[in-house]
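Structure, as C-alpha cells:
We did not get these values from a lab; they are worked out from the coordinates using the rules stated. Note that this is a predicted model, so its numbers are computed, not measured. Every residue, glycine among them, receives a Cβ derived from its backbone with ideal geometry; neighbour counts consider all protein chains shown.
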Amino acid sequence: MSRNECDHLAPGARLVTAVSSALIVVSICACRGEPPPSLPPTVAALVEQQKWEDAIPILKKHLLVCPEDVAAHYYLGACYDNLKSPILAIAEGEFQVALTLFRRNGMASPIEGVTSRDFELRCHLGLANVYIRSLALVKTLTSDMSIISPLVHNLGMAVANAASIAPDDPRVKRLQTLVDKLMRQPGTPPPTEESQSRVSA
C-alpha cells in the first residue's frame with residue numbers, strides 16, 4: 001500500500017497497516033540466519049542532538065537489512081514523533097513494533113546503558129506522547145467523541161502500562177493527571193478494565 005493510500009485510512013487502520021507490514025518484513029528476514037549488523041553509532045548521537053531528519057534515512061536503511069533491531073524501531077518512532085510536522089501514525093507503529101520485538105526477545109534492553117525497565121517505559125511514554133499529539137490535532141478538527149474517545153482510551157492504556165513499570169515517575173504522574181482530566185470530560189466513556197491493566201505481550 002502506498003503512502004498516499006495510507007493517508008486516507010483512519011489512524012487505527014494506519015497503525016494496523018504499519019505494524020503488519022513491519023512484522024511481515026521481520027518474519028521474512030528472520031529466516032536468513034545471518035548475524036544482524038550493528039546499529040550505526042551515529043544514530044544515537046543524532047537522536048541525542050535532536051537531528052531527527054538526519055537520523056531517519058540511516059535508520060530506514062539499517063532496518064532494510066536488520067528489520068528486527070528493536071532499538072532502531074524505537075529510535076525511528078522517536079524521530080517521526082519529534083519532526084516539526086510529525087508523522088504520528090508511523091511513530092505509533094514503530095513504538096508498537098519495538099515493544100513487540102522487545103517482548104519477543106526476552107525483554108532485554110537493546111540500548112547500551114538503558115535498563116530493560118527504562119527501555120519499556122520509554123516506549124510507553126513515546127506512545128503516550130503520540131496519542132497526546134494526535135488528540136491535540138484531532139480536537140482542532142472535530143468535537144466528535146466517536147473519534148476522540150479511542151485516542152483517549154489508547155492514551156489511558158499507554159499511561160497505565162507506564163504506571164505499571166514506574167508509578168512514582170513524575171512524567172507518569174503528570175500523564176495520569178491528564179488522563180483523569182480527559183476522562184472527566186462530557187461524552188468520554190469511562191475507562192474499561194482493559195485500559196486500566198497492562199497490555200500483555
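The lysines within cross-link reach of residue 139, meaning a Cα-to-Cα straight distance under 17 Å and a gap of 8 or more places when in the same chain, are 181. Counting other Cβ atoms within 10 Å as a rough exposure proxy, the listed residues 121, 178 run 178, 121 from fewest neighbours to most.
When Lys and Arg each count +1 and Asp and Glu each count -1, what net charge do the other residues less than 12 Å away from residue 152, Cβ to Cβ, add up to? That works out to +2.
Lys and Arg at +1, Asp and Glu at -1: add these up for the other residues within a Cβ distance under 13 Å of residue 61 and post the number. Walk me through the numbers before you get to the answer.
Details: positive: 60; negative: 54, 69.
Once positives and negatives cancel, what remains is -1.
Electrostatic tally near residue 81: other residues with Cβ closer than 9 Å to its Cβ, Lys and Arg +1, Asp and Glu -1, net -1.
Going from the residue with the fewest nearby Cβ atoms within 10 Å to the one with the most, 133, 174, 184, 103 rank 184, 174, 103, 133.
By counting other Cβ atoms within 10 Å of each Cβ, how are 64, 88, 127 ranked from fewest to most? Walk me through the numbers on the way to the answer.
Numbers: 64 10, 88 20, 127 25.
Going from sparsest to densest Cβ surroundings: 64, 88, 127.
Residue by residue, the stretch 153-164 carries 3J(HN,Hα) couplings of 4, 4, 4, x, 5, 4, 5, 4, 5, 5, 5, 5 Hz when phi is fed to the Karplus relation 6.51 cos²θ - 1.76 cosθ + 1.60 (θ = phi - 60°); x denotes Gly or Pro.
Let's test the formula: R0 of 25 Å, r as the Cβ-Cβ distance of residue 147 and residue 171. What FRET efficiency results, to the nearest 0.05? The pair residue 147/residue 171 has a calculated efficiency of 0.40.
Taking a ≥ b ≥ c as the square roots of the eigenvalues of the Cα gyration tensor of the stretch 79-156, is the shape rounded (a/c under 1.5), prolate (a/b larger than b/c) or oblate? It comes out prolate by the Cα gyration axes. For residue 84, a cut-off of 16 angstrom between C-alpha atoms picks up these lysines, skipping any fewer than 8 places away in its own chain: 51.
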